[in-house]
Amino acid sequence: MKNEIHLTIGIWRFKDITHQEITDSLGLQPKKILIEGEKTNPKFLTIAKENGWMYTHSKDVTKPFEEQMNELLTVLRERSDALKKLSGKYYCELSCAIFKKDEDESMPWVHLTRNHIRFLNDFNIEFDLDLYA
């Protein structure tokens, strides 16, 4: 079983726009949405504390971080005008979750290049890294 890297761009804390308006604005289908006050998952009792819209680009979570990151940034740059408006008004976060599943494989390498950092800074997007071993 290979280690996995999940990159997700999230837009949070919006009340004056709908999830569908974000989807239409970016032209991307979210992986998941959260609606404030509703269950985060029908199987659990956890209630969403805020609205959230999350998009994941890569279908192959075993690809290296840099490859996935570059692909995601290419997609987001194509929507820079819409993303700039959203990220200027709402909290945006790029979440990187690493799942260490193979004992014999080393921890996946995460390296933010200057280009990655510049993009995150230009669009006011925070970066969050979570490790699950």
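Figure legend. Inter-residue proximity from segment 16-34: first residues touching a residue at least 40 places away in the same chain (Cβ under 8 Å), second residues of a type outside the set (A, V, I, L, M, F, W, C), beta-carbon distance below 7 Å, spacing 6+ or different chains. Indicated pairs: L26/R79; G27/R79; L28/Y55. Looking only at segment 103-121, how many residues end up being modelled with pLDDT under 85 and surrounded by 11 or more Cβ atoms within 10 Å (Cβ to Cβ)? Result for segment 103-121: 1. Of the residues E71, E66, E93, the single one that is under 15 Å from the mean Cα position of the chain (by Cα), surrounded by 13 or more Cβ atoms within 10 Å (Cβ to Cβ) and farther than 28 Å from H19 by Cβ is E66. Here segment 46-73 is the region considered, the condition is being part of a helix (DSSP H, G or I) and in contact with a His (Cβ under 9 Å, 6 or more places away or on another chain), and the residue that is nearest to I98 (Cα to Cα) is F65. Among residues of segment 18-53 being basic (K, R) and surrounded by 13 or more Cβ atoms within 10 Å (Cβ to Cβ), the one that is farthest from V75 (Cα to Cα) is K39.
Would a scan of segment 8-17 turn up a residue that is assigned to a loop (DSSP other than H, G, I, E, B), on the phi < 0 side of the Ramachandran plot and crowded, with 18+ Cβ neighbours inside 10 Å? Yes, segment 8-17 has at least one match.
Of the residues A82, A97, the single one that is assigned to a strand (DSSP E or B), in contact with a Ser or Thr (Cβ under 8 Å, 6 or more places away or on another chain) and touching a residue at least 40 places away in the same chain (Cβ under 8 Å) is A97.
The values are calculated or read from the model by the stated rules, or taken from the named source; none is laboratory data. Not measured: the values here are computed from a predicted model. All Cβ positions, glycine included, derive from the backbone under ideal geometry; neighbour counts span all protein chains shown.
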